[in-house]
Amino acid sequence: MTTGLPLLYYQVHHAPSGTTGTPLLLMHGLFGSADNWGSIARQLAQHGPVISVDLRNHGRSPHHASQTYAEMAADVLAVCDHLDLAQVHVLGHSLGGKVAMQFAMQSPQRVNKLIVVDMAMRAYADVHTALIDAMLAVDLSLCASRSEVDKALAPAIPNLMVRQFLLTNLHKVDDRLQWRLNLAALKANYGQLQSALLPPENTGLTMPSLFIRGERSDYVNAQDMHTISQHFTQASFVSLPTDHWVHAEQPQLFMQAVAAFLAE
């Protein structure tokens with residue numbers, strides 16, 4: 001592996017016997033994990049093998065002090081090499097969407113089709129450092145349960161749904177609660193994660209690409225779609241009646257859009 005790290009953690013959802021097709025690789029967003037795809041991964045596996053990864057510093061994957069998009073794309077390539085996958089379809093949401101685009105730019109010959117969910121190529125404002133700081137501020141040694149951590153987070157993070165999502169990253173080691181997230185590294189590298197992608201100059205990527213956006217989300221606007229089309233020349237766009245968490249808010253509409261695109 002080019003980064004010198006152990007392999008990323010991944011889950012394989014096998015297709016029914018006799019089903020063939022290009023494997024689909026799924027990548028989660030910031031503070032997420034492979035577990036986030038849940039039933040969607042299992043449904044997509046009815047059409048072909050599905051591999052869900054935990055990005056570095058997330059889930060069960062290795063921790064590392066550095067976290068650039070180039071490094072994360074190299075991590076994904078290492079998974080493909082390890083599984084002997086000559087080509088894959090790639091689907092990423094939010095942070096995972098940027099990683100998916102970076103992977104397509106670094107290893108275009110390995111990407112059959114690209115699907116990006118509610119993410120553009122530009123830099124984004126800081127809306128996550130406060131969440132990282134809130135998690136870092138909790139003394140987990142004083143918390144015996146998930147509900148106690150939830151209570152400790154509540155003053156800084158009043159949104160219950162956000163807290164519930166963050167709490168999926170808790171696990172127990174020797175009967176003590178710990179974050180699976182490498183919070184210190186995420187905070188140190190947050191500037192990298194905010195940054196815009198820098199595609200190769202004068203290079204248009206020609207793999208079929210689907211960009212799914214939430215109609216009530218501000219992550220992908222008209223200018224973003226124009227920029228995306230300049231670099232991903234076969235891009236098509238679908239808008240669904242959701243906020244940022246497109247696949248969680250409208251799973252059936254999301255599934256229909258993805259399945260139709262992969263079947264083309």
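Okay, residues lined up against (1) in contact (Cβ under 8 Å) with a residue 60 or more places away in the chain; (2) in contact with a His (Cβ under 8 Å, 6 or more places away or on another chain); (3) outside the structural domain of Val116 (by TED's automatic domain parsing); (4) closer than 23 Å to Ala123 by Cβ:
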residue	(1), (2), (3), (4)
Arg213	yes, no, no, yes
His226	no, no, no, yes
Gln230	no, no, no, yes
Leu240	no, no, no, no
Gln256	no, no, no, no
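Answer yes or no: is there a residue in region 90-99 that is without any contact (Cβ under 8 Å) to a residue 60 or more places away in the chain, surrounded by 18 or more Cβ atoms within 10 Å (Cβ to Cβ) and touching a strand residue (DSSP E or B) at 6+ places or on another chain (Cβ under 8 Å).
Our first condition is that a residue be without any contact (Cβ under 8 Å) to a residue 60 or more places away in the chain; within region 90-99, this holds for none.
Within region 90-99 (the criterion being without any contact (Cβ under 8 Å) to a residue 60 or more places away in the chain, surrounded by 18 or more Cβ atoms within 10 Å (Cβ to Cβ) and touching a strand residue (DSSP E or B) at 6+ places or on another chain (Cβ under 8 Å)), the answer is no, since none of the residues qualifies.
When Asp126 is tested against (1) surrounded by fewer than 16 Cβ atoms within 10 Å (Cβ to Cβ); (2) closer than 21 Å to Ser33 by Cβ, only condition (2) is not met. Is it true that Arg122 is of a type in the set (Lys, Arg) and more than 25 Å from Val76 (Cβ to Cβ)? Answer is no for this residue.
Within the set Asp75, Asp81, the sole residue that is assigned to a helix (DSSP H, G or I), surrounded by fewer than 20 Cβ atoms within 10 Å (Cβ to Cβ) and acidic (Asp, Glu) turns out to be Asp81. When Asn57 is tested against the conditions (1) out of contact with any Gly (no Cβ under 9 Å at 6 or more places or on another chain); (2) without any contact (Cβ under 8 Å) to a residue 40 or more places away in the chain; (3) surrounded by 17 or more Cβ atoms within 10 Å (Cβ to Cβ), the lone failure is (2). All told, Gln102 meets the bar of being outside any loop (DSSP other than H, G, I, E, B), polar (S, T, N, Q) and either crowded, with 17+ Cβ neighbours inside 10 Å or in contact with a Leu (Cβ under 7 Å, 6 or more places away or on another chain) (or both).
The values are calculated or read from the model by the stated rules, or taken from the named source; none is laboratory data. It should be emphasised that the depicted structure is a prediction, and the values quoted were computed from it without experimental measurement. Backbone-built Cβ (ideal geometry, glycine too); neighbour counts: all protein chains shown.
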